[in-house]
Amino acid sequence: MIDLILKAALVLFMLAIALSLYRVIKGPSLPDRAIALDTIGVNLISAIAIVSIVLNTKAFLEAILILGILAFIGTIAFSKYIERGVIVERKSAD
Amino acid sequence: MKVNDVILKSVVRGVVFIVFTLGMYLFFAGHNAPGGGFIGGLVLGSGIVLLYLTYDIETVHKGMPFDFKKVAAFGVLLATGSAIASLFFNVPFLTQADGYYNLPLLGEKHLSTVTIFEAGVALTVVGTLVTIILNISEDE
C-alpha cells in the first residue's frame with residue numbers, strides 16, 4: 001500500500017514539473033518564469049526525498065541539500081536581474 | 001532609486017554560514033562517502049557567489065581580499081606539488097601516503113596526503129568558479 005502511494009506521489013510530482021516546465025517555456029513574463037523555476041526546484045527536492053524512501057537509502061540527502069542551495073541562489077539571481085538589470089554590482093547603490 | 005533589500009541581506013547573513021559548513025562537510029566526507037574536493041569546492045564557490053549577489057564587489061572584497069585567479073593558481077600548485085612530492089620518495093607520480101597517528105585529545109586518527117591534493121582541487125574549483133561568474137555577470 002505505502003509503495004503504491006509513493007509511486008503515485010512520484011507520478012504527480014512528474015506532472016507538476018511538466019506543468020511548471022510549460023510555464024518556464026511559454027510564460028508570458030519573466031516573473032512567471034522565475035517562480036516556475038523555483039517550483040521545479042522544490043518539486044525536485046520532494047521527488048528526491050520520495051525516491052530515497054522508495055530505495056531505502058540515505059545517499060541522496062546531500063543531493064537534497066545542494067539542490068536546495070542552488071535553487072535558492074538561482075531564484076535570487078533571477079529576481080535580482082528582473083528588478084535591477086545587473087546581477088553583481090561593482091559598488092553599493094547608496 | 002534606493003532598493004530596499006533588508007530581508008535578503010539578513011537571510012543571506014545566516015544562510016551563507018550554512019552553505020560554507022555544508023561545503024566543508026562535503027570536502028572532508030569525500031574520503032569514503034559521496035563528496036570530495038570538487039563538490040566541496042563547488043558548494044564553497046556558490047556560497048561566495050551568493051555573497052557577491054547580495055552585497056557588491058567592493059563590500060565583499062573588504063572582508064575577503066583575495067584575487068580569485070591567484071586562488072585558482074595556488075590550488076593547482078598545491079595539487080601538483082603533492083603529486084610531485086611522491087617522486088622524491090622513489091615511488092610513481094601521484095602516489096599518496098596514509099597512516100594512523102595518535103593525536104593529543106583526538107585519539108587515533110587516519111591521516112593521508114590525499115587531503116592536500118583534494119584541498120588543491122577545491123581551491124582551484126573555487127577560484128575558477130568565482131572568476132568566471134564575476135567576469136560574465138559584471139555590469140558595464
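The values are calculated or read from the model by the stated rules, or taken from the named source; none is laboratory data. Here the structure is a predicted model, which means the values were calculated and not measured. Don't worry about glycine lacking a Cβ; one is built from the backbone with ideal geometry, like all the others, and counts go over all protein chains shown.
Below, the figures for the structure above:
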quantity	calculated
Within segment B:1-84, helices (runs of 4 or more DSSP H) holding 1 or more residues that are closer than 16 Å to B:Ala122 by Cβ	B:6-29, B:37-54, B:68-84
Residue check, B:Val49 modelled with pLDDT of 85 or more, buried (at least 18 other Cβ atoms within 10 Å of the Cβ), within 20 Å of the chain's Cα centre (by Cα) and within 12 Å of chain A (Cβ to nearest Cβ)	yes
Residue under evaluation B:Leu94, criteria (1) assigned to a helix (DSSP H, G or I); (2) away from chain A (no Cβ under 14 Å), criterion not met	(1)
Sole exception among (1) surrounded by 11 or more Cβ atoms within 10 Å (Cβ to Cβ); (2) hydroxyl-bearing (Ser, Thr, Tyr); (3) under 21 Å from B:Gly36 (Cα atoms) for B:Tyr100, by number	(1)
Within segment B:8-36, tally of residues that are modelled with pLDDT under 90, within 16 Å of the chain's Cα centre (by Cα) and at the interface with chain A (Cβ under 10 Å from one of its Cβ atoms)	2
Qualifying residue in segment B:122-135 (condition: more than 17 Å from the chain's Cα centre (by Cα) and within 14 Å of another protein chain (Cβ to nearest Cβ))	yes
Unique match (being among the aliphatic types (A, V, I, L, M), in contact (Cβ under 8 Å) with a residue 40 or more places away in the chain and surrounded by fewer than 18 Cβ atoms within 10 Å (Cβ to Cβ)) among B:Ile57, B:Ile133	B:Ile57
